[in-house]
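Student: Quick one: this structure, given as structure tokens, is what I'll be asking you about.
The values are calculated or read from the model by the stated rules, or taken from the named source; none is laboratory data. The structure displayed is predicted, hence computed values, not measured ones. Please note: Cβ atoms are built from the backbone with ideal geometry, for glycine as well, and neighbour counts cover all protein chains shown.
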Amino acid sequence: MKIKLLIFCAITLCLPSCNNNRHHRNENRNRETTTDFYISEKPISAFQIKKGVECPVRVVGITDGDTFKGLTSDNQQIKCRIYGIDAPEKKQAFGQKSKQYLSDLIFGKTVTIKVQGKSFDRVVVWCYFDDGKDISAEMIKAGMAWHFKKYSNDDEYAQLENKSRQMKIGLWSDKTPIAPWEWRKKK
């Protein structure tokens with residue numbers, strides 16, 4: 001039993017050091033850069049970006065009303081989930097309108113992202129323009145996304161959602177809007 005444990009420990013300790021030497025070399029070489037991204041031929045994964053990193057990205061694709069693809073200054077692709085909101089799913093009421101609204105707002109433009117965390121293969125980011133315009137706030141204001149209270153306790157977002165609800169803007173014009181997290185549970 002002790003031999004098996006020793007072998008397991010040896011393998012466990014060796015794998016990280018053998019697994020990705022290139023990553024460690026690039027990480028040391030790029031330590032002082034503002035993006036702190038790992039340079040690779042593949043799109044950057046959410047697991048190669050650190051919380052708090054802030055950098056500009058050019059938006060090159062819109063997945064839905066709360067997710068987009070961007071290119072870093074090194075032309076590395078990154079998939080971003082916008083912090084603080086949850087937009088209707090594509091097949092849900094207002095799903096396509098939400099996606100189109102986000103596209104009109106940011107597609108082809110450069111936005112600044114600040115990494116908040118990771119979710120599956122995406123980086124959760126707070127996203128804004130140089131003038132300080134907050135993309136999450138804009139989506140909520142337009143009634144194109146819910147304030148995702150499970151992950152954000154931002155008072156401004158809550159107030160913007162309440163105002164949009166009262167004015168029946170966007171998805172709030174629907175008689176029975178279904179929150180995306182509830183819709184996903186049913187599917």
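Student: Do we find that GLU161 is assigned to a helix (DSSP H, G or I), crowded, with 17+ Cβ neighbours inside 10 Å and either within 17 Å of the chain's Cα centre (by Cα) or charged (D, E, K, R) (or both) in this structure?
Tutor: Numbers: assigned to a helix (DSSP H, G or I): yes; crowded, with 17+ Cβ neighbours inside 10 Å: yes; either within 17 Å of the chain's Cα centre (by Cα) or charged (D, E, K, R) (or both): yes.
For GLU161, the condition - assigned to a helix (DSSP H, G or I), crowded, with 17+ Cβ neighbours inside 10 Å and either within 17 Å of the chain's Cα centre (by Cα) or charged (D, E, K, R) (or both) - is met.
Student: Could I ask something else about it? I need the full set of residues from segment 104-126 which are assigned to a helix (DSSP H, G or I) and either over 15 Å from the mean Cα position of the chain (by Cα) or more than 18 Å from ALA142 (Cα to Cα) (or both), in order please.
Tutor: As a first pass, look at segment 104-126 and keep what is assigned to a helix (DSSP H, G or I): 104-106.
Correct list: ASP104, LEU105.
Student: If you don't mind, another one. Of the residues that sit in segment 61-103 and are buried (at least 19 other Cβ atoms within 10 Å of the Cβ) and among the polar types (S, T, N, Q), which one is farthest from ALA137 (Cα to Cα)?
Tutor: GLN76
Student: Given (1) closer than 22 Å to TRP181 by Cα; (2) surrounded by fewer than 20 Cβ atoms within 10 Å (Cβ to Cβ), identify the lone condition not met by ASP131.
Tutor: (1)
Student: Check segment 123-135 and report whether any residue there is out of contact with any helix residue (DSSP H, G or I) (no Cβ under 8 Å at 6 or more places or on another chain) and over 19 Å from VAL59 (Cβ atoms).
Tutor: Scanning segment 123-135, I find no residue that is out of contact with any helix residue (DSSP H, G or I) (no Cβ under 8 Å at 6 or more places or on another chain) and over 19 Å from VAL59 (Cβ atoms), so the answer is no.
Student: Which condition number in (1) closer than 23 Å to LEU171 by Cα; (2) in contact with a strand residue (DSSP E or B) (Cβ under 8 Å, 6 or more places away or on another chain) is the one that VAL59 fails?
Tutor: The number of the failed condition is (1).
Student: If only one of LYS109, LYS175 is farther than 14 Å from ARG81 by Cα, among the basic types (Lys, Arg) and modelled with pLDDT under 95, which one is it?
Tutor: Details: LYS109 fails: modelled with pLDDT under 95.
Being farther than 14 Å from ARG81 by Cα, among the basic types (Lys, Arg) and modelled with pLDDT under 95 holds for just one of LYS109, LYS175, which is LYS175.
Student: Condition check: touching a residue at least 60 places away in the same chain (Cβ under 8 Å), of a type in the set (Lys, Arg) and in contact with a helix residue (DSSP H, G or I) (Cβ under 8 Å, 6 or more places away or on another chain). Does LYS163 satisfy that?
Tutor: Values: touching a residue at least 60 places away in the same chain (Cβ under 8 Å): no; of a type in the set (Lys, Arg): yes; in contact with a helix residue (DSSP H, G or I) (Cβ under 8 Å, 6 or more places away or on another chain): yes.
In short, no.
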